[in-house]
Amino acid sequence: MNARSFFLKGCADIAPVALPIATWSLVTGIAMAKSPLLLHQAISYSLLAYAGTAQLAALPLLVVGAPIWVSVMTALMVNLRFIIYSAGLRPSLRSQPLGMRCLLGCLISDMAFIMYMRHEARWRQSPLRGYYFLGLGCANYVIWHCASLVGLLGGALIPEAWGLSFAGTLALVAILVPMLMSRPAMVACAVAGITAVCLRDLPFKLGLIGAIAAGTAAAVFAEKKAVSDA
């Protein structure tokens, strides 16, 4: 297989999860369309952030005029998982040229990471495996921004009664469930969920930051315990 074949294979492998990606992106775009942000601001925000959970977490903070550092910290905390993704991808992709690694780093997403790790053993011996991840990442990027743009442009025309917020929640669940296949992930989810409920009354959604910190710490502890038990 040549580089083009690897790239096209990556694009094809993201197709089965295109619907949940597009649904979640559509809801994110609608949420931004219904905010006080101007259209060009919302589009710029979507292109720069490229992370639905971070966008939705920081959006209400920006709207109510919360301190910038709170909005930035919230987005960074929500996106901490991408550090874990990068660490997971490093053994497989560290041999790729620096320019390729920088490009792939910009294209990391939940589904691109999941799909790559699912098939990584198949391409492990090929020096062109970076192009497979590139296909996954580019396809995810196009799906996300096309659906987000539809949400931004058509959000004002879509009635709340359609229940797209609930559809977005289901899409998020479809994305997260495959990630909960290990004990540390399940422990992190449980601890973060309980903490978020306990701290829900804190201002500026600071409870969310606390929940992420608690979940991350719990996952690290569970991972260390699993290693020591082994």
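The values are calculated or read from the model by the stated rules, or taken from the named source; none is laboratory data. This one's a predicted model, so the numbers in the text were calculated from it and none came from an experiment. Here the Cβ is made from the backbone with ideal geometry for all residues, glycine too, and neighbour counts use every protein chain on show.
Condition (residue is in a helix (DSSP H, G or I), modelled with pLDDT under 90 and under 18 Å from Phe6 (Cβ atoms)) applied to segment 72-87: is it met by at least one residue? If you could, list the steps in order and put the result at the bottom.
Pass one, segment 72-87, residues in a helix (DSSP H, G or I): 72-78, 81-87.
With the extra rule that they be modelled with pLDDT under 90, the set shrinks to 72-78, 81-87.
Now restrict to residues that are under 18 Å from Phe6 (Cβ atoms): none.
No: segment 72-87 contains no residue that is in a helix (DSSP H, G or I), modelled with pLDDT under 90 and under 18 Å from Phe6 (Cβ atoms).
Here are some residues: Ala75, Ala87. Which one is outside the structural domain of Ala218 (by TED's automatic domain parsing), exposed (fewer than 11 other Cβ atoms within 10 Å of the Cβ) and within 24 Å of Ile21 (Cα to Cα)?
Details: Ala75 fails: exposed (fewer than 11 other Cβ atoms within 10 Å of the Cβ).
Of Ala75, Ala87, the one residue that is outside the structural domain of Ala218 (by TED's automatic domain parsing), exposed (fewer than 11 other Cβ atoms within 10 Å of the Cβ) and within 24 Å of Ile21 (Cα to Cα) is Ala87.
Out of Leu48, Leu61, I need the residue that is within 25 Å of Ala214 (Cβ to Cβ), of a type in the set (A, V, I, L, M) and part of a helix (DSSP H, G or I). Which one? First the steps, then the outcome.
Working: Leu48 fails: within 25 Å of Ala214 (Cβ to Cβ).
Matching residue, one of Leu48, Leu61: Leu61.
Considering only segment 119-160, state which residues are modelled with pLDDT of 85 or more and exposed (fewer than 12 other Cβ atoms within 10 Å of the Cβ).
Pro127
I want to confirm something. Restricting to segment 109-141 and keeping residues that are within 15 Å of the chain's Cα centre (by Cα) and hydroxyl-bearing (Ser, Thr, Tyr), which single residue is farthest from Gly52 (Cα to Cα)?
Restricting attention to segment 109-141, the residues satisfying the condition of being within 15 Å of the chain's Cα centre (by Cα) are 109-116, 136-141.
Adding the requirement that they be hydroxyl-bearing (Ser, Thr, Tyr) leaves 109, 116, 141.
Numbers: Ser109: 10, Tyr116: 20, Tyr141: 12 Å.
Looking at residues that are within 15 Å of the chain's Cα centre (by Cα) and hydroxyl-bearing (Ser, Thr, Tyr), I get Tyr116.
Among the residues of segment 10-37, what is the count of those that are at pLDDT 80 or above and either surrounded by fewer than 18 Cβ atoms within 10 Å (Cβ to Cβ) or closer than 20 Å to Tyr116 by Cβ (or both)?
The total comes to 15.
Just one of the numbered conditions (1) in contact with a Leu (Cβ under 7 Å, 6 or more places away or on another chain); (2) at pLDDT 80 or above is not true of Ala57; which one?
(2)
Name the pairs: first residue in segment 67-95 and more than 14 Å from Asp110 (Cβ to Cβ), second residue of a type outside the set (Lys, Arg) and outside any helix (DSSP H, G or I), Cβ to Cβ under 8 Å, at least 6 apart or on different chains?
From residues that are more than 14 Å from Asp110 (Cβ to Cβ), the pairs are Ala75/Ala51; Ser95/Pro127.
Any idea which residue in segment 178-230 is modelled with the lowest pLDDT, counting only those that are among the acidic types (Asp, Glu) and in a helix (DSSP H, G or I)? Talk me through it step by step, then tell me what you get.
The first filter runs over segment 178-230 and keeps only residues among the acidic types (Asp, Glu), leaving 201, 223, 229.
If we keep only those that are in a helix (DSSP H, G or I) too, we end up with 223, 229.
Details: Glu223: 76, Asp229: 67.
So, considering only residues that are among the acidic types (Asp, Glu) and in a helix (DSSP H, G or I), the one modelled with the lowest pLDDT is Asp229.
What tally of residues in segment 25-45 results from selecting those that are farther than 10 Å from Gly151 by Cβ, touching a residue at least 12 places away in the same chain (Cβ under 8 Å) and in a helix (DSSP H, G or I)?
Total satisfying the criteria: 3.
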